[in-house]
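Asker: Okay, handing you the structure first.
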Amino acid sequence: MKILVLHGVNLNMFGRRDAAQYGTATLADIDRALASEARSLGVGLECFQTNHEGEMCERIHRALDEQWDAVVINAGAWTHYSYAIRDALAILSCPVVEVHMSNVHAREPFRHVSVFAGVACGQITGFGIDSYLQGLRAAIGAAGRR
């Protein structure tokens with residue numbers, strides 16, 4: 001089994017932005033934790049980050065041909081308005097799990113809406129790095145139920 005993790009806009013700034021919301025872990029820390037968890041669970045993993053919406057869509061398009069078993073995505077602010085990424089995710093035939101480090105439902109009202117909700121099998125928010133680790137486990141479970 002192989003899982004693709006997608007990190008969106010500004011997430012390369014984890015560890016340097018708003019520690020109250022996101023903690024002090026860097027994106028490299030998150031990727032290392034995911035790789036360790038994936039190894040312990042016996043699954044393959046690839047992590048990808050971009051600040052360019054079109055590049056994210058292109059990576060999702062490639063994922064279709066690469067036959068990933070599931071996708072975990074934290075698209076950052078794109079979650080709330082990118083219909084382009086939503087439509088790209090809808091092309092996938094594998095489960096998609098949406099994750100967020102902060103509790104988006106306890107923040108500004110615009111963050112309460114996810115345009116991905118209709119194409120994701122679930123959402124995990126508010127647990128910092130653990131949101132990603134729980135998302136990885138949820139993606140494995142969802143892929144196993146297909």
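None of the figures in this text is laboratory data; all of them are computed from the coordinates on show. Everything numeric in this text was worked out from a predicted model, so none of it was measured. Note: ideal-geometry Cβ built from the backbone for every residue, glycine included; neighbour counts use all protein chains shown.
Asker: Along the charge dipole of the chain, Cβ charges K/R +1 and D/E -1, which of 132, 79, 56 sits furthest on the positive end?
Answerer: Farthest towards the positive pole: 132.
Asker: Here are a few candidate values for Rg and Dmax of the Cα atoms in Å: [x] 18.2, 64; [y] 14.8, 47; [z] 13.9, 39. Which one was actually calculated from the structure I just gave you?
Answerer: Checked against the structure: label [z].
Asker: Here's something else I'd like to know. Rank the residues 65, 29, 18 as a footprinting-exposure proxy: fewest other Cβ atoms within 10 Å of their Cβ go first. Display every interim value, and only then the final one.
Answerer: On the way: 65 7, 29 14, 18 11.
Final ranking by Cβ density, sparse to dense: 65, 18, 29.
Asker: Report the extension gain between residue 36 and residue 67 in nm, rounded to one decimal, defined as 0.36 nm multiplied by the number of residues separating them, less their alpha carbon distance.
Answerer: On the way: separation 31, 0.36 × 31 = 11.16 nm, distance 2.22 nm.
Taking 0.36 nm per residue and subtracting the Cα distance, the gain is 8.9 nm.
Asker: Sticking with this structure for a sec: Given Cα pairs under 8 Å that are at least 6 residues apart, what percent is the relative contact order of the chain? Write down the numbers at each step before the final one.
Answerer: Working: 262 pairs, mean separation 40.6, N = 146.
Relative contact order for the chain comes out at 28 percent.
Asker: Follow-up. Can you give the calculated 222 nm mean residue ellipticity of the chain, where each DSSP H run of n ≥ 4 adds -39,500 (n - 2.57) and the sum is split over every residue, rounded to the nearest 500 deg cm²/dmol? Before the final figure, lay out the partial values.
Answerer: Working: 5 runs with 58 residues, N = 146.
Mean residue ellipticity, 222 nm, calculated: -12000 deg cm²/dmol.
Asker: Mind jotting down the distance between the C-alpha centroids of segment 95-146 and segment 9-71, whole Å?
Answerer: If we compute the Cα centre of each part, the gap is 13 Å.
Asker: With a 10 Å Cβ neighbour count serving as the proxy for reagent exposure, in which order, fewest first, do 132, 22 appear? Please report the intermediate quantities before stating the final value.
Answerer: Details: 132 26, 22 19.
In order of increasing Cβ crowding within 10 Å: 22, 132.
Asker: About its Cα centre, what dipole magnitude does the chain give when the only charges are +1 on Lys and Arg Cβ and -1 on Asp and Glu Cβ, stated in debye to the nearest 20? Intermediate results must be reported in sequence, preceding the final value.
Answerer: Details: 13 positive and 15 negative charges, 56 e Å.
Approximately 280 debye in magnitude.
Asker: When the chain is treated as a GNM, springs tying every alpha-carbon pair under 10 Å, which of 93, 40, 114 comes out with the largest mean-square fluctuation?
Answerer: 40
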